[in-house]
Amino acid sequence: MLRQIRPAIVMIIVMTAITGLAYPLGMTGLAQLLFPDQANGSLLRRDDGTVIGSSLIGQNFTDDKYFHGRPSATTDTDPNDSTKTVPAPYNAANSGGSNLGPTSQALVDRVKEDTEKLRAENPSPPIPVDLVTTSASGLDPDITPAAALFQVPRVAKARNFPEAKMEALVTEMTQDRFLGILGEKRVNVLKLNLALDSLSGSPR
């Protein structure tokens, strides 16, 4: 019996060493060598080196001085009642959508409320759909260029900047499609707001 058990034990040890140690360490080393920024979380820093977030996870900007991201439907445990949840936008520990369908009155009311606020903010152009719809993850860090340009009048007014200067910044921060063909053009909200602070000289 020992003759049959010994090869099995040896194989377990060898495969554990290969797949549990050598392979993960090798992939980690390659990632650190070839893609150090991505491997370490795509962190973004202020000019003084302070980490303020990741380019992969949105943040809940609410001040008029900043560009806002997509609505987020993520939640967290209610501190007053552990059996309930409360809204917690961009909660990276609980990524997910609202799962509300088009017949949901709660969804209809929320979209109407957001639309009214945006229309009061900028009554002229059509409201970009990503400013009133949540993403599947609730953590989307990007918005469309149209959504960023829609917010220019509010941000320019709050910062006392010319709108043309804000529009130029949005254009500069717009990322093209991957390889020119995949995905859509997009603006990373956190990167845009960092550039905005650097432009105006006011820290977040």
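Just so it is clear, none of the values below were taken in a lab; they were calculated from the coordinates. The model shown is predicted, which means the values in this text are computed figures rather than measured ones. Note: ideal-geometry Cβ built from the backbone for every residue, glycine included; neighbour counts use all protein chains shown.
Three principal axis extents describe the C-alpha atoms of the stretch 34-110; from largest down they are 46, 30, 28 Å. With 27 Å as the limit on Cα-Cα distance, the pairs of Lys112/Lys165; Lys65/Lys185; Lys65/Lys117 that go past it are Lys112/Lys165. For the stretch 71-131, the Stokes-Einstein estimate of translational diffusion at 4 °C and a viscosity of 1.567 mPa s comes to 96 µm²/s, using the Kirkwood hydrodynamic radius over alpha-carbon pairs.
How do the peptides 30-39, 158-167, 70-79 rank, highest first, by the average count of neighbouring beta carbon atoms within 10 Å per residue?
So the peptides 30-39, 158-167, 70-79, ranked by packing, come out 70-79, 158-167, 30-39.
With the helix formula -39500 (n - 2.57) applied to DSSP H stretches of n ≥ 4, the chain reaches a computed 222 nm mean residue ellipticity of -12500 deg cm²/dmol. What's the long-distance tail for the chain, i.e. % of Cα pairs beyond 24 Å? In whole percent, the long-distance tail amounts to 56. Across the chain, Cα pairs under 8 Å and at least six residues apart give a relative contact order of 19 percent. Placing +1 on the Cβ of every Lys and Arg and -1 on the Cβ of every Asp and Glu, with nothing else charged, gives the chain a dipole about its Cα centre of roughly 520 debye. Ordering Ala158, Val189, Asn122 by Cα displacement along the dipole of the stretch 65-204 toward the positive end leaves Ala158 in first place; charges were set at the Cβ atoms of Lys, Arg (+1) and Asp, Glu (-1).
Here the spin labels are modelled as points 7 Å beyond Cα on the Cα-Cβ line, and at Thr28 and Arg3 they lie 4.1 nm apart. Note on Lys185 and Asn80: their simple-model spin labels are 4.7 nm apart, each label 7 Å out from Cα toward Cβ.
When you work out D = kT/(6 pi eta Rh) for the stretch 134-204 at 37 °C and 0.692 mPa s, using the Kirkwood radius from C-alpha pairs as Rh and the Stokes-Einstein form, the result is 254 µm²/s.
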